[in-house]
Amino acid sequence: MLQFYKKAFVIFISLLLVTAVIGYIATNTTFLNSKLIPIENSEFSWHAQTATDAVDGGKSSVSIIDSLFSLNFNMNLSSSVKYPVAMTELVFADTSGKQSFVDLSRFTSITFRAKCAPSNVITFALYTVDESITTFDDNRSYRISTSYFSCERNWQEFEIDLTRLETPEWWYKWYNHELSKQEYKLNKTVRLSFGSSIQSPLEQLSNIHVSELELHGRDWMFLYLFIAFITLTWIACIIWVHKEYTKALLADLKQKLQKDRPLVAYQQLSIEPQKNKEASTILRYMATEYANADLQLDTMVQNTGINRNKINELLKSELGYTFSAYLNKLRLTEAARLLSSQNMANVSEIAYSVGYKNVPYFNKLFKLEYGCSPKKFKDTYLEGNGEE
């Protein structure tokens with residue numbers, strides 16, 4: 001059994017390590033984090049560009065200071081138009097640098113740090129393809145989904161839920177689109193932007209500085225696959241351990257029975273005569289009377305005429321047991337033989353047949369002797385014989 005326990009321990013530790021490693025990988029794959037800034041760490045190809053109200057006759061301006069390590073730009077809103085606009089956009093592109101769209105459906109939020117001088121209310125906007133309206137030659141036809149955040153002179157951390165952005169009413173009016181259809185899809189995202197709002201200061205140079213722009217999301221498929229794989233693996237391991245344990249226990253019990261049987265008097269006497277008459281008398285008497293539940297040392301003294309000290313002395317010298325220990329050895333060895341050979345007999349019947357009146361006491365002694373309960377012993381033999 002020691003070899004089995006060593007093997008089971010190694011397998012258990014190995015499986016724990018495999019579970020931990022795969023679990024770590026699955027967790028990292030499930031909980032997505034994708035940087036957009038700095039641009040060298042971005043998994044998406046993009047470039048920065050500016051947009052203003054110039055197409056509507058406005059005079060607002062934007063100038064980019066940095067777009068490699070952060071998104072840092074100045075803007076100046078002109079009051080020459082009713083709704084002045086100035087923004088810096090992150091435009092997703094293909095390998096040739098041409099505007100394209102990316103799939104952001106895996107992501108649910110975007111985080112970043114930002115500061116503004118002077119204080120400002122900034123519009124965050126996401127531009128996606130609306131299959132019923134968008135035409136690639138009309139930038140305004142992309143669905144615009146927005147959110148707002150208050151930006152102060154000191155660095156602040158922000159998180160925007162990408163699944164709860166709002167499309168402005170003018171976009172629905174412009175394209176005669178039903179206002180109740182608020183759903184938008186992130187699987188075809190063209191660009192995102194940071195820019196002015198209706199509460200941004202006019203006729204004043206404003207600086208907007210955004211850093212650590214990062215997308216976050218969940219992809220539960222990997223976690224589900226991990227749970228399924230690990231569950232099946234552990235179940236398979238438990239089944240294997242059970243089978244190997246049964247084999248190891250069966251081999252151990254058979255070895256123990258084989259080792260114990262020469263000590264049983266009724267077998268030893270049939271092989272060779274005892275040299276010592278008193279020892280022969282003692283062993284023969286116990287071999288025939290061990291199943292008597294009332295057998296005690298005093299009873300044996302009366303029936304054999306050998307004093308109790310002599311009985312214990314002979315048993316100790318011949319077999320290494322006291323009277324009580326050898327009596328239990330006889331009974332338990334016979335019980336083990338019966339359990340391994342008589343499928344129909346139950347534990348209580350066998351306990352009574354070998355001389356035990358108290359079944360729980362028998363169970364306790366049997367477990368101490370064989371390392372398992374009588375029922376487990378019997379089941380192991382049945383399972384082992386079934387496999388054979």
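None of the figures in this text is laboratory data; all of them are computed from the coordinates on show. Remember, predicted model here, so these are calculated numbers, not experimental data. Reconstructed Cβ throughout: ideal geometry from the backbone, glycine too, with neighbour counts over all protein chains shown.
Quick notes on this one:
- Normalising the Debye intensity of the stretch 133-225 to I(0), with uniform scatterers on Cα atoms only, and taking log10 at q = 0.15, 0.19, 0.25 Å⁻¹ returns -0.83, -1.15, -1.43.
- Separation between Cα centres of the stretch 114-170 and the stretch 10-55, rounded to whole Å: 23 Å
- Largest GNM mean-square fluctuation among K115, K364, K247, using the chain with Cα springs under 10 Å: K364.
- In degrees, nearest ten, helix 220-260 long axis to first principal axis of the chain (Cα): 10 degrees
- Pairs exceeding a 31 Å alpha-carbon distance, out of K7/K254; K247/K364; K35/K173; K6/K357; K256/K357; K256/K310: K35/K173; K6/K357.
- Residues with amide H under 5 Å from that of L202, placed H, sequence gap 5 or more: none
- Dimensions (Å) - the stretch 264-387, Cα atoms, principal axes, largest first: 47, 30, 22
- Kirkwood Rh and Cα Rg combined as Rg/Rh, the stretch 319-388: 0.99
- Residue-by-residue Karplus 3J(HN,Hα) for the stretch 193-200, coefficients 6.51, -1.76, 1.60, Hz, glycine and proline x: 8, 10, x, 6, 10, 5, 9, 6
- Per-residue 3J(HN,Hα) values for the stretch 87-96, derived from phi via the Karplus relation 6.51 cos²θ - 1.76 cosθ + 1.60 with θ = phi - 60°, read 7, 10, 10, 9, 9, 6, 9, 7, 5, 8 Hz in sequence order (x marks Gly and Pro).
- Note on Y361 and T233: with the Förster distance fixed at 45 Å, the Cβ-Cβ geometry gives a FRET efficiency of about 0.60.
- Largest GNM mean-square fluctuation among W170, W46, W234, using the chain with Cα springs under 10 Å: W170.
- Kirkwood-type radius of the stretch 175-214, with distances r between different C-alpha atoms, in Å: 14.4 Å
- Calculated FRET value between R284 and E244, using beta carbons and R₀ = 45 Å, to 0.05: 0.60
- Over all Cα atoms in the stretch 296-359, the spread is summed up by Rg and Dmax: 14.2, 41 Å.
- Listed peptides 132-144, 62-74 by packing density, highest first (mean Cβ within 10 Å): 62-74, 132-144
- The stretch 301-336 and the stretch 202-224: distance between their alpha carbon centers, rounded to Å: 85 Å
- Relative pair counts by distance (%), Cα atoms of the chain, 20 Å bins: 20, 27, 12, 15, 17, 8, 0
- Kirkwood's formula applied to the C-alpha pairs of the stretch 36-218 gives a hydrodynamic radius of 16.8 angstrom.
- Fewest-first ordering of I39, I198, I110 by other beta carbons within 10 Å of each residue's beta carbon gives I198, I39, I110.
- Cubic angstrom per residue, convex hull over Cα atoms of the stretch 1-86: 126 Å³
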